[in-house]
Every structure is written in C-alpha cells, then in structure tokens.
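Chemist: My questions will all concern the structure given below.
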Amino acid sequence: MRKARGKRQEARGKKVLRDACGRRIDYLRISVIDRCNLRCVYCTPEQGVDLLPRDRILAYEEMLAFSKVAVINGIDKIRLTGGEPLIRRDIIGFVERMAKIPGLKDLSMTTNAILLEELALPLYDAGLHRLNIGIDTLDPGKFKEITRGGDVNQAIKGIEKALEIGFSPVKINVVIMKGVSEDITPFVKFIKDYPIHVRFIEYMPVSNGLKSKFFVPISKVRDQLKNVEGVHKAPAPVGFGPAREYYKVGDSAGTIGFIPAMSEHFCEECSRLRLTADGKLRLCLFSDTEVDILGGLRPKVDDKKLTALLKEAVKLKPAEYSIVKRDGKGRTMSQIGG
Ligand code: SAM
Ligand code: SF4
C-alpha cells in the first residue's frame, strides 16, 4: 500500500525519496538534544556519556532549514526525539515553527513524559498532537531503578494531562527487559482505564556496554495474552508504525501491540532517516554510517547542498541491519534518538 501511494505521488509530480533498494523514505526522526533528565539502563551507560559541547548541537534554525529541504524532497512525517526533547530550552517555539512547515503531514514527539504535565498544553497549542511516551514499568520502585532515579508518578501525571488536553494517539513504548517489563498485567489494566496504545518493543542491543542479560524474545511476552480474559485482535489504530498486531481487552479504550524489533525485523518496510543533534544523518539504527549535513548549514544555509547531502544519505541506507560490535565506541540510543 505504501509502495502504491509513493508511485501515485510520483506520477503526480510530487518528489519522492527512494533508497538504492527502492524503498520510499518519508520519515525523519530528529534528535533535538543529546541530553536527558533520566538515565535508563538500556540507553545510557552507568558512567554517563560524553555530551556534545553546546556549539556542536544544531541550532533550531538549522534543524528547521534541513527539515524544510527534507519535506520538499519527499519526507512527510517528522518525529522529534532526544535525549529528552522537552528539556531543550524553547522547545515550544521550535515545535510551533516545525508544525508550520508546508507539506509536513505529521509531526510527533517521543518523550519520557517527566516534564509533560507542565508542557502538554503549550505543546498542543504549538501544533503537536501526537505523542509517544517511553515508560517501561508502572511500578515506582522498578521505574526508579531502571531510570536511575526517575519518578513514574510524574510521568503518569504527564500522560493524564496529555489525554485530558486531547493528544491523540498517545502511544507508550515499553522496552521489554527481563525482570522489569516482561509482565503485561499492569499494562492490560492501564489500557482499560486510558485510551492509550501500549507497544511492547523488543530490546535492541544498540548502546555501548549493553548487556543482553535484559533480552527477552517478544514471543514470551505475547504468549501471556492467552491468559488474559476478553482479549481480541483489533484493527491497527490510525497512524501506526511497525507494531504488527494490536489487541483490545473487552471494550478497552486502548490497545496493546508488539514490535519484534530483533526477532522478526522489518527492514524491508523501513522508511526512516535519523538526524542526530550534531547534524549527522544516520541511515540505520544499527549502522554507524553517517552523512554530515553541516556543510549545507554552516557558515550559511545552502538548500542545494542540503538536498545533495540528503539524497547521498538515502542512497547509503543499508538493505538490512547487522549488529555491529562496538567495543564501547559509537553512539548510545540517547545520542541517536531511538
Ligand atoms: N527520552 C525519550 C524517551 O525515552 O522516550 C526519547 C528518546 S529515547 C532514546 C526513544 C525511545 O528509544 C524510548 O522511548 C525507548 O523506547 C527506545 N529505546 C531506547 N533504548 C532502547 C533499546 N536498547 N531497545 C529498544 N528501544 C530502546
Ligand atoms: Fe533518556 Fe529516553 Fe534514553 Fe531513558 S530512553 S535515558 S528517557 S533518552
């Protein structure tokens, strides 16, 4: 269906980005900052990461300039992520300008929701209406442990505020970890009470120093549905990405889905590009190949150069992922943006 839509748009003269395998690339994730107010164990190593000096982080102006070029050339969905996007100063003003980019159909954000209670309303008013929230357990003790100090109740208050204001859809990313988030029961209760779409994501060995001691195959989590009374398959909610199966429990307002990021990877459907906070386009979560776009931004914005760099990057997108052994080098998930 995606292919057909791309072909129709090409026939109508709309620019479409295609990689060397013919996949249509229409989705850009921008990491607006490499810093975070949490330090999740699967994302950031215990000793922390080397943070970018401020002057190496792209200015909002530069992110906007690249986004405009990307949208002219065929990107129509942009997700803002981080680190934690809500800790960057004047994120609201940036969202407002991003939401006005002509031709951008979909603007969303991934956040840990810690600052959402306060920022949900200004974000909504600025033009952001879709949210993904990373929250792996509803248990205060476990949350504190895996985020190294976070308060789950603060995140829940943020989610409640977002729902009250009218964000839709609100999705929750639960990274499956042994002993932390393998049990679906608390989230089954959660979707009964809240119109929330919970997606269990298989743990991905991206960051440095990651221990696969956390890894649990998604089938082990999905199998628990057999014991849940009233569970039934539901159609994919509007605007949904790679989670392939969605379930409701009775007439629950929300759904549960599963993203088998590792065991049933979906490279053939991948439509993503990622821009890091320091201006590098990454073609695959699992590849360290990067295209530096700074040459098209500094000393001044040059749309032609940016277009050429974007097209060069798209052609370098690998056909499928391979796990790189990094020996402590390379970017962590918090630096790439997830
Ligand atoms: N701070 C925000 C958050 O936590 O949602 C946005 C940035 S975070 C890097 C984006 C998402 O990446 C998180 O929601 C989490 O679900 C996902 N993530 C991070 N590390 C992961 C890993 N090792 N495996 C799978 N997903 C991961
Ligand atoms: Fe921060 Fe998100 Fe990484 Fe957790 S997953 S450390 S909240 S960037």
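The values are calculated or read from the model by the stated rules, or taken from the named source; none is laboratory data. The structure displayed is predicted, hence computed values, not measured ones. Heads up, the Cβs are rebuilt from the backbone with ideal geometry, glycines too, and the neighbour counts pull from every protein chain shown. Quick note on the areas: whole protein, heavy atoms, side chains included, nothing else; ligands and nucleic acids left out. Shrake-Rupley method; radii C 1.70, N 1.55, O 1.52, S 1.80 Å.
Chemist: Can you list residues from other chains, or at least 5 along the same chain, whose modelled amide H is less than 5 Å from the amide H of S108?
Modeler: HN-HN under 5 Å from S108: I78, R79, L80.
Chemist: Next question. Past 28 Å, Cα to Cα, is the threshold; run K157/K192; K144/K213; K15/K280; K15/K248; K77/K300; K171/K311 against it and keep the listed order.
Modeler: Table pairs above 28 Å Cα-Cα are K15/K248; K171/K311.
Chemist: Roughly how many debye, to the nearest 20, is the charge dipole of the chain about its Cα centre, given +1 on each Lys and Arg Cβ, -1 on each Asp and Glu Cβ, and no other charges?
Modeler: 1200
Chemist: Kindly report, to the nearest 10 Å², the accessible surface of Y27 as traced by a 1.4 Å probe over protein heavy atoms only.
Modeler: Only protein atoms counted, so the area is about 30 Å².
Chemist: Oh, and also: Stretch D183-R56 to full length: gain in nm at 0.36 nm per residue minus the Cα-Cα span?
Modeler: Full-extension gain reported as 41.6 nm.
Chemist: Relative to the Cα centre, what is the charge dipole magnitude of the stretch 106-184, using +1 at the beta carbon of each Lys and Arg, -1 at the beta carbon of each Asp and Glu, and rounding to the nearest 20 debye?
Modeler: For this selection, approximately 160 debye.
Chemist: Defining a contact as two alpha carbons under 8 Å apart and six or more residues distant in sequence, what relative contact order in percent does the stretch 17-336 show?
Modeler: 22
Chemist: Another question, then. Do any GluC sites (Glu not before Pro) in the stretch 1-94 lie in a loop, going by DSSP, with at most 15 other beta-carbon atoms within 10 Å of their beta carbon, and if so which?
Modeler: E46
Chemist: Same structure, new question: Counting heavy atoms of the protein chains only and a 1.4 Å probe, report the per residue accessible area for the chain as a whole number of Å².
Modeler: Per residue, the chain has 45 Å² of solvent-accessible surface.
Chemist: Heads up, I need the accessible area for D151: 1.4 angstrom probe, whole protein in place, Å², nearest 10.
Modeler: Result for D151: roughly 80 Å² accessible.
Chemist: Measuring from label point to label point, each 7 Å out along Cα→Cβ, what is the V228 to D193 span in nm?
Modeler: Computed distance between label sites V228 and D193 equals 1.6 nm.
Chemist: Continuing with this model, one more query. Considering only protein heavy atoms, what is the solvent-accessible area of E117 at a probe of 1.4 Å, reported in Å² to the nearest 10?
Modeler: Here the residue's solvent-accessible area equals roughly 80 Å².
Chemist: I'd like the carbon and sulfur percentage of the solvent accessible area for the stretch 42-90, probe radius 1.4 Å, heavy atoms only, ligands and nucleic acids excluded.
Modeler: Heavy-atom surface of the stretch 42-90 belonging to carbon and sulfur, 1.4 Å probe: 49 percent.
Chemist: Within the stretch 69-121, which trypsin sites (Lys or Arg not before Pro) sit in a loop by DSSP and count at most 13 neighbouring Cβ atoms inside 10 Å?
Modeler: Those satisfying the criteria are R89, K100, K105.
Chemist: Say we join alpha carbon atoms closer than 10 Å with springs in a Gaussian network model of the chain; which of P53, P45, P217 then has the biggest fluctuation?
Modeler: Of P53, P45, P217, the most mobile in the Gaussian network model is P53.
Chemist: I want to check the label-to-label distance for K315 and K105. Put each point 7 Å from Cα in the C-beta direction and report it in nm to one decimal.
Modeler: The answer from the label model is 2.7 nm.
Chemist: Let me ask another. How about the stretch 241-294: which GluC sites (Glu not before Pro) there are in a DSSP loop, with at most 16 other Cβ atoms within 10 Å of their Cβ?
Modeler: Filter output for the stretch 241-294: E245, E264.
Chemist: Which listed residue (N173, F143, S108) has the Cα farthest towards the positive end of the charge dipole for the chain, taking +1 on Lys and Arg C-beta and -1 on Asp and Glu C-beta about the Cα centre?
Modeler: S108
Chemist: Pick from A277, A155, A59: which residue has the top mean-square fluctuation in a GNM of the chain where Cα pairs under 10 Å get a spring?
Modeler: Most flexible of the set in this elastic network: A59.
Chemist: Separation between the R148 and S287 pseudo-spin-labels, each 7 Å from Cα along Cα→Cβ, expressed in nm?
Modeler: 3.1
Chemist: Between L294 and K15, what is the FRET efficiency for a Förster distance of 22 Å, r being their Cβ-Cβ separation, to the nearest 0.05?
Modeler: Here the calculated transfer efficiency is 0.40.
Chemist: Separate question: Got a sec? What order do R148, R8, R272 fall in by accessible area at 1.4 Å, biggest, i.e. largest, first?
Modeler: R8, R148, R272
Chemist: Protein chains only, probe 1.4 Å: how do V228, V198 rank by accessible area, largest first?
Modeler: These residues rank, largest area first, as V228, V198.
Chemist: Just to make sure I understand: if all protein chains stay in place, what is the order of F215, F143 by accessible area at 1.4 Å, largest first?
Modeler: I get F215, F143, largest accessible area first.
Chemist: If the cut-off is a Cα-Cα distance under 17 Å, which aspartates and glutamates reach K142, setting aside same-chain residues fewer than 8 apart in sequence?
Modeler: E46, D151, E182, D183
Chemist: For the chain, set up a Gaussian network in which alpha carbons nearer than 10 Å are linked by springs, and say which option among A261, A65, A20 fluctuates the most.
Modeler: Result for the chain, Cα springs under 10 Å: A20 fluctuates most.
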